[in-house]
Amino acid sequence: MPAPGKTLEIRTSPHILSGYSVDSIMFNVVLALLPVTAFAIFAFGLAGLLTLSMALVSCVLTEHLICRATGKPTTIGDWSVTITGLLYGLTLPPSLPLWMVAVGGVICVAMGKALFGGLGYNTFNPALVGRAVLQAAFPVAMTTWIAGFTAGRFTSLPSSTLTLPFTEPTVDAVTSATPLALWKFSRETTAVADLATGFTSGSAGETSSILIILGGLYLIARNMMNWRIPVSIIAAVFVLSGALHLVDPTRYASPVFMIFSGGLMLGAMFMASDMVGSPMTSIGCYLYGALIGVVTVVIRTWGGLPEGVMYAILLGNAVTPHLDRWFRPRVYGTATKEAAS
Amino acid sequence: MEDGTPCPLDTSTPDEIIAAIQEAGVVGLGGAAFPTHVKLKVPEGKFVDTLIINGAECEPFLTTDHRVMLEQSDDIFVGIRYLLKVSGAEKVIIAVEANKADAAEHLRATFPGDLNGSVELLRVKYPQGAEKMLFAALLGREVPSGGLPLDIHALCCNVATTAEIGRLLPLGRGIQERVITVTGPAVKRKGNYRIPIGTPLRFLLEHVGVEEDVNRVFLGGPMMGGAASSLDISITKGTSGVTAFTDSAAERTHSPVYPCIRCGYCVDACPIFLDPSLLGRLAANQEFSVMAERHNLMDCFECGSCSFVCPSHIPLVQQFRAAKAAVRKAAAGKTGAT
């Protein structure tokens with residue numbers, strides 16, 4: 001029994017917490033991304049490793065330096081910038097010149113995150129902001145894809161990787177069109193088994209749908225991701241592209257192909273579901289996912305680009321605050337609009 | 001103990017019963033300690049059709065309702081008869097959480113044949129024991145924003161309160177003791193105790209034994225209970241539990257605060273569908289009137305679920321309490337000026 005003079009601590013209720021914390025959620029997202037990252041390095045060898053490392057280092061360093069420059073304690077310990085760095089690296093073509101990777105990494109964090117006020121305030125997914133700027137600035141380099149699983153991938157680099165800044169990159173490695181480009185420009189389909197396992201070309205981390213889904217399931221199981229978002233994106237893509245495919249299978253790709261190709265799986269699981277940029281209510285999440293899915297199919301089918309997931313998610317991010325405002329749940333004890341009128 | 005004037009069930013009028021309840025000093029024993037006789041006065045033009053007896057524990061950790069239902073069912077049924085007579089309700093529903101199936105079974109087995117009513121099992125989900133939640137779950141009715149249960153013809157009374165009415169009124173006694181859950185990581189002999197009102201907290205804790213390094217003691221449960229500033233205070237009628245934590249068990253609430261990441265956990269957690277995330281941002285900017293006028297701040301009953309789930313450890317409900325106080329103060333200032 002404590003002494004009579006013992007001081008008790010006084011706080012206001014609640015006195016217990018659920019145990020979730022921002023840093024543990026973010027760290028678990030990093031964990032969920034590790035299999036995809038490892039596969040990217042396995043598939044693209046040194047080029048993949050250097051691209052991902054440069055992406056990660058440039059993002060983390062930018063955040064750290066901005067915090068230092070603005071006189072705030074560094075925020076790299078909350079793991080959120082690690083996610084940005086990894087996701088950004090995973091969306092890049094593995095042969096992208098490293099200086100471009102670094103420029104994009106700075107843009108991700110400085111423009112996509114710090115400018116808006118840092119964690120929690122960024123309207124758009126920072127990784128996609130950096131990627132979108134690169135896509136506009138370096139359209140050729142951003143759409144030059146090397147083949148994965150080449151024999152010398154762990155001993156040699158594509159010459160483009162080490163291109164000096166502001167010089168034209170030359171690509172000597174075996175280049176290879178992505179499944180979506182093959183379909184768009186020559187109507188060739190890729191076997192779904194190859195798409196799901198990742199034995200195709202593409203951005204570093206978007207090729208293996210199975211590993212992406214595994215990472216997503218891990219986060220859903222731990223209640224660290226809203227399953228409604230990936231499910232509604234994939235469902236919207238499947239339904240819309242399926243309907244088009246039924247109309248004319250020679251002009252419109254099959255829905256299964258659409259789901260497993262390009263950046264859809266990575267975008268749906270890890271980028272659209274980013275908590276900061278996605279709606280908070282269930283109905284908002286369904287609509288947000290449906291919008292992203294529909295825009296993706298529209299860009300892929302009728303747009304000039306073979307891939308549209310990035311722009312679809314950025315558009316979804318922009319609509320999120322409106323979805324949150326329009327679909328606020330009815331508060332207990334307040335009449336519905338119909339009942340009130 | 002000397003008995004007062006008994007208030008027999010059969011021969012007393014509703015007004016006499018209400019007076020006897022007031023005389024006995026019965027208040028809501030769930031923790032709010034709202035005077036029961038005030039709640040029972042049904043104004044002219046209003047009526048009650050359903051009486052709900054709340055056996056859904058108001059807080060995690062607390063088990064007083066459970067023990068009362070198992071050990072005082074006879075008192076509860078007598079109390080129900082008094083309450084039905086006073087309120088004019090046609091039927092009674094005893095609400096029990098699904099994890100207390102033994103209590104529900106016992107009440108069903110002893111349910112008097114001439115009483116119109118039932119025992120209902122409810123999902124175990126804090127804050128199920130809040131009366132607003134019970135009305136929605138059992139009757140599908142919502143108390144209007146700013147209104148009273150009477151507006152939806154319902155009346156809710158805690159099981160322990162009901163049992164006390166049933167025990168005291170026939171004898172004409174006043175309330176002198178109550179059942180209290182004494183629990184928490186710092187307590188050695190956790191359990192439910194019948195404690196005389198006015199017992200010093202220190203005496204109670206000495207009796208049940210607490211760890212040397214106890215550093216936080218709450219009157220009530222861990223979600224809504226107030227922190228005791230000293231052990232030299234007394235147990236009151238509103239003390240439904242005493243929860244004690246040690247230094248080591250309390251570390252969780254010392255976590256750093258992060259910015260809101262819009263995860264939506266609080267939006268899912270809020271039992272009355274407020275947007276705690278938005279209210280939190282408004283509170284940080286001291287926009288109290290916007291919170292009250294446009295975002296239903298005053299409907300918040302401070303269950304604390306939003307703060308409990310927040311991964312950024314933002315003190316949401318704490319800010320809402322302060323905001324509500326500020327809004328009430330501003331309103332009082334206005335009426336005072338006219």
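What to note about this one:
- Partner chain coverage, peptide A:274-281 - average Cβ within 10 angstrom: 5
- Virtual spin-label span in nm between A:V247 and B:A33, 7 Å along Cα→Cβ: 7.0
- Cut-off under 5 Å, modelled amide H: who pairs with B:I197 long-range: B:E177, B:R178
- Working from the Cα coordinates of chain B, the gyration tensor eigenvalues give, after taking √(5λ), semi-axes of 33, 26, 20 Å in decreasing order.
- Carbon + sulfur, % of accessible area of the protein assembly as shown - ligands and nucleic acids excluded, 1.4 Å: 62
- Fully extended contour minus Cα-Cα distance, from B:A322 to B:E206, at 0.36 nm per residue: 38.3 nm
- Cβ neighbours within 10 Å from other chains - mean over A:18-31: 4
- Label-to-label distance for B:D114 and A:T143 is 8.8 nm, based on points extended 7 Å past Cα in the beta-carbon direction.
- Approximating the spin labels as points 7 Å out from Cα along Cα→Cβ, the B:L171-to-A:L34 distance works out to 6.5 nm.
- Rg followed by Dmax, in Å, when the range A:179-327 is reduced to its Cα trace: 14.8, 44
- Solvent-accessible area of B:F34 with every protein chain in place, 1.4 Å probe, in Å² to the nearest 10: 110
- For the pair A and B, total buried accessible area rounded to nearest 100 Å², probe 1.4 Å: 4900
- In this structure chain B gives 43 Å² per residue of accessible area when probed at 1.4 Å with all protein chains present.
- Accessible area per residue, Å², the range A:179-327 with all protein chains present, probe 1.4 Å: 38
- Taking every residue in B:136-145 and counting other chain Cβ atoms within 10 Å of its Cβ, the average works out to 2.
- Size of electric dipole in chain B: Cβ of Lys, Arg +1 and of Asp, Glu -1, about Cα centre, debye, nearest 20: 800
- Residue separation of A:F199 and A:A235 scaled by 0.36 nm, minus their Cα-Cα distance, works out to 10.5 nm of gained length.
- Three semi-axes describe the equivalent ellipsoid of the protein assembly as shown; taken as square roots of 5 times the Cα gyration tensor eigenvalues and ordered largest first, they are 61, 27, 22 Å.
- Relative pair counts by distance (%), Cα atoms of the range B:201-338, 10 Å bins: 11, 33, 29, 21, 6, 0
- Overall form of chain A: oblate. Here a/c, set by the Cα gyration tensor axes a ≥ b ≥ c, is 1.5 or more, and a/b is not larger than b/c.
- Spatial separation of Cα centroids for the range B:263-338 and the range B:1-36, in angstrom: 36
- Stretching the chain fully between B:T11 and B:A332 yields a gain of 111.1 nm (0.36 nm per residue, less the alpha carbon separation).
- For B:L122, distant residues with modelled amide H under 5 Å away: B:V96, B:E97, B:A98
- With only the Cα atoms considered, the range A:22-176 has a convex hull volume of 105 Å³ per residue.
- When the other protein chains are added to the chain by itself, burial of at least 30 square angstrom of heavy-atom accessible area (probe 1.4 Å, ligands and nucleic acids ignored) affects these residues of the range B:293-308: B:N296, B:F308.
The values are calculated or read from the model by the stated rules, or taken from the named source; none is laboratory data. Keep in mind that this is a model prediction, so the values were computed, not measured. For neighbour counting, all protein chains shown are included, and Cβ atoms are generated from backbone atoms with ideal geometry for every residue, glycine included. Remember, those area values only see protein heavy atoms, side chains included, never the ligands or the DNA or RNA. Shrake-Rupley method; radii C 1.70, N 1.55, O 1.52, S 1.80 Å.
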